[in-house]
Amino acid sequence: MMSNATKFEELTNSLISRRAFLKKSFSIGSLALMSTTLGSIAAYSSQSFFNFTKVDCNNNDTITLPEQYTWNIVSKWGDPMWSDVEEFDQTSCGSHESQLKSVGDNNDGMELFVTSDNKTLLAVNNEYTNHKIIFSNRKSLLPENEEDILKGMYAHGVSIFEIENSNNQWNLVKDSKYNRRITPFTKMEITGPAKGHSLMKTKEDKDGIYAKGTWNNCGSGRTPWGTYLTCEENFNNYFSSSDKNFKSTDELHRYGVRTREIGLNWAKADSRFDLSKEINEPNKVGYVVEIDPLTPNSTPKKHTALGRFKHENAELVISKDGKIIVYMGDDERGEYLYKYVSNESINKVKDKSTLLSNGNLYVAKFNDNFTGEWLLLDTQTTGLSSKAEVCIFTRLAASKVGATTMDRPEWIASNPKKNEVCCCLTNNKNRGIKTNKGGDKVDVDKVNPRKNNKYGQIVRWKPRDNNHSSVYFEWDLFVVAGNPNVHDDNNRGSKNIDKENMFNSPDGLKFDKYGRLWIQTDGNYSNSGDFRGMGNNQMLIADTNTGKIKRFMVGPKECEVTGLSFAPDYKTVFVGIQHPGERLGSNFPDNGNNKPRSCIIAIQKKDGSEILT
């Protein structure tokens with residue numbers, strides 16, 4: 001059997017020889033770094049891509065930026081959004097009443113919006129809670145009564161709030177008419193094929209037409225018509241069964257829904273989380289939710305046509321023929337990469353939101369010859385009885401058509417300057433070792449080239465004929481992360497990884513308007529062993545024309561760097577700092593003896609000019 005190292009070398013050689021592919025708008029920043037600039041691409045590949053001093057890896061408990069930059073805290077978990085709420089209590093971490101009207105915990109994906117009256121809004125996901133922190137006032141470090149459970153529940157969901165810039169400091173605006181909390185109790189409309197299906201019906205919703213709440217919201221997206229997309233990821237952990245004799249199903253198992261309580265205790269406060277009482281409730285979560293941040297009383301919509309899985313983010317583009325394309329990843333080891341294509345073009349419908357409820361869902365197959373195909377998921381290809389079942393049991397549908405199992409597809413980003421799309425494959429300890437939950441093989445292949453993948457990679461693809469509606473694409477690996485301080489084999493990473501820019505577990509990803517690729521990490525921050533010299537999680541900037549990568553920021557201890565949005569004038573970039581001190585080794589951002597708190601920071605140049613100029 002060919003060794004893993006040999007397979008990696010074979011992949012490198014294959015990429016180097018693909019000159020014809022390079023002529024089709026990809027330079028090879030992939031496994032072989034080549035300084036190739038093509039035609040019109042030269043306009044963007046200038047020194048301004050990297051007009052900053054590289055930041056070194058470190059384990060400092062603060063934000064580290066180039067000398068020309070400064071930062072301030074915009075908002076923190078527990079900050080009141082209305083003036084009738086008490087400030088965050090460091091001892092109790094608040095009550096369920098205060099949490100309902102304050103910024104939620106563990107911010108992740110976010111998007112910035114500007115209103116018609118020129119107000120600036122941030123819509124921010126609140127993914128989960130750190131029990132050792134939010135329940136630190138309890139001896140067990142767990143929710144001990146219904147009040148605690150509700151406090152934890154209200155810390156989830158989405159926070160929408162106005163921000164303003166005063167004297168170059170961005171801050172939350174209390175009492176704004178746009179401020180809003182969306183929680184696991186917020187009523188939402190179900191759209192698309194699964195609306196009204198028997199698998200969506202519950203005791204509370206006998207028609208199967210609405211859902212209550214959203215939680216474990218990870219990545220985000222935005223629509224061309226100005227709405228926010230929040231993506232439900234690890235929804236499975238919140239269910240349990242009070243009946244020890246309750247028999248689970250294959251479908252529940254595939255989505256990781258367990259009958260055993262793991263300490264969240266949501267079922268004790270709301271019976272819909274008790275599987276023995278509401279077996280269909282898990283079918284109402286695991287979707288992309290559309291929210292109109294400019295209309296605070298609007299009803300969010302769960303778009304079942306976009307599939308049900310552990311969504312990371314939703315990247316929207318408009319194809320040549322005017323159709324809405326949504327690229328999405330399922331963030332679990334050995335799961336899949338998806339694409340949605342609307343039936344109608346954006347210019348032919350009045351209610352733009354319907355573009356996300358009527359369309360076709362595809363899953364990606366990556367061939368070893370660097371071509372790929374989007375496989376249609378419908379009743380004929382999957383054998384499922386209805387399109388509703390395809391949308392509810394999307395993972396099962398993808399398994400049936402033989403898609404490519406991936407190394408945890410996380411954020412996806414589309415380049416506004418050319419037709420390329422990138423996706424972070426963050427890591428996969430099971431690659432080449434065990435199957436996914438559906439029993440699908442997770443073998444080493446060209447797009448997932450390493451067994452027991454510790455470091456991750458970024459795959460990119462170009463749609464055929466530069467049309468995102470096409471079912472065909474060509475792909476390469478933009479970067480394979482690694483550690484040249486420790487390894488001299490395939491785990492050192494691709495040639496555009498060196499001792500000056502190494503990182504692990506790429507997660508967040510976004511192109512700016514100039515085509516620069518911003519990479520955020522959520523990896524091992526031990527700074528030891530295989531990760532020696534990598535320091536805390538970080539944010540880097542890449543040029544996909546040349547493959548060059550340069551570190552722009554390092555976060556505080558034990559954090560994940562996630563979420564990214566730009567002010568319209570590009571003089572500020574907003575960045576999320578999630579779970580600093582998750583192992584109680586940090587007190588960022590308040591320091592001293594205060595609790596660590598997830599937060600959003602605003603980064604600006606000291607001279608007030610545009611970022612990276």
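Between Phe370, Phe393, which is under 26 Å from Trp518 (Cβ atoms) and at pLDDT 95 or above?
Matching residue, one of Phe370, Phe393: Phe370.
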With Leu316, Leu355 as the choices, which residue is of a type in the set (A, V, I, L, M, F, W, C) and either out of contact with any strand residue (DSSP E or B) (no Cβ under 7 Å at 6 or more places or on another chain) or farther than 18 Å from Glu420 by Cα (or both)? Leu355
Which one is surrounded by the fewest Cβ atoms within 10 Å (Cβ to Cβ), of the residues in the range 58-81 that are assigned to a loop (DSSP other than H, G, I, E, B) and of a type in the set (A, V, I, L, M)? Leu65
If you check Ser586, Ser598, which single one turns out to be farther than 21 Å from Glu315 by Cβ, polar (S, T, N, Q), touching a His at 6+ places or on another chain (Cβ under 7 Å) and in contact (Cβ under 8 Å) with a residue 60 or more places away in the chain? Ser598
Hey, any hits in the range 391-401 for a residue that's under 15 Å from Thr304 (Cα atoms), in contact with a helix residue (DSSP H, G or I) (Cβ under 7 Å, 6 or more places away or on another chain) and of a type in the set (Gly, Ala, Ser)? yes
How many residues does the range 331-360 contain that are under 26 Å from Asn234 (Cβ atoms) and touching a helix residue (DSSP H, G or I) at 6+ places or on another chain (Cβ under 7 Å)? 6
Number of the exception - Lys132 against (1) farther than 30 Å from Lys571 by Cβ; (2) charged (D, E, K, R); (3) touching a Gly at 6+ places or on another chain (Cβ under 9 Å): (3)
When you scan the range 218-266, how many residues do you find that are in contact with a strand residue (DSSP E or B) (Cβ under 8 Å, 6 or more places away or on another chain), part of a loop (DSSP other than H, G, I, E, B), small (Gly, Ala, Ser) and under 24 Å from Gly104 (Cα atoms)? 1
Determine whether Glu87 is without any contact (Cβ under 8 Å) to a residue 12 or more places away in the chain and assigned to a loop (DSSP other than H, G, I, E, B). yes
Evaluation of Asn466 against (1) crowded, with 22+ Cβ neighbours inside 10 Å; (2) within 30 Å of Lys323 (Cβ to Cβ) (one fails), failing number: (1)
Residue by residue through the range 87-102, note down the ones that are of a type outside the set (Ser, Thr, Tyr) and either within 21 Å of Leu112 (Cβ to Cβ) or loosely packed, with under 14 Cβ neighbours inside 10 Å (or both). Glu87, Asp89
For the range 196-212: of the residues being touching an Asp or Glu at 6+ places or on another chain (Cβ under 9 Å) and either free of Cβ contacts under 8 Å to residues at least 60 places away in the same chain or on the phi > 0 side of the Ramachandran plot (or both), which is surrounded by the most Cβ atoms within 10 Å (Cβ to Cβ)? Tyr210
Can you pull out the residues in the range 443-483 that are under 22 Å from the mean Cα position of the chain (by Cα), under 17 Å from Thr405 (Cα atoms) and of a type in the set (A, V, I, L, M)? Val447, Ile458, Val459, Leu477
For residues that are part of a strand (DSSP E or B) and more than 20 Å from Arg597 (Cβ to Cβ), scanning just the range 554-585, find the one that is farthest from the chain's Cα centre (by Cα). Thr572
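Results for (1) under 25 Å from the mean Cα position of the chain (by Cα); (2) within 25 Å of Leu122 (Cα to Cα); (3) of a type in the set (Gly, Ala, Ser), shown as yes or no for each residue.
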| site | (1), (2), (3) |
| --- | --- |
| Lys268 | no, no, no |
| Leu275 | no, no, no |
| Pro282 | yes, no, no |
| Leu294 | yes, yes, no |
| Glu315 | yes, yes, no |
| Asp321 | no, no, no |
| Ile324 | yes, yes, no |
| Asp331 | yes, yes, no |
| Asn343 | no, no, no |
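The values are calculated or read from the model by the stated rules, or taken from the named source; none is laboratory data. Model, not experiment: these values are computed from the prediction. FYI the Cβ positions are ideal-geometry reconstructions off the backbone, even for glycines, and counts take in every protein chain you see.
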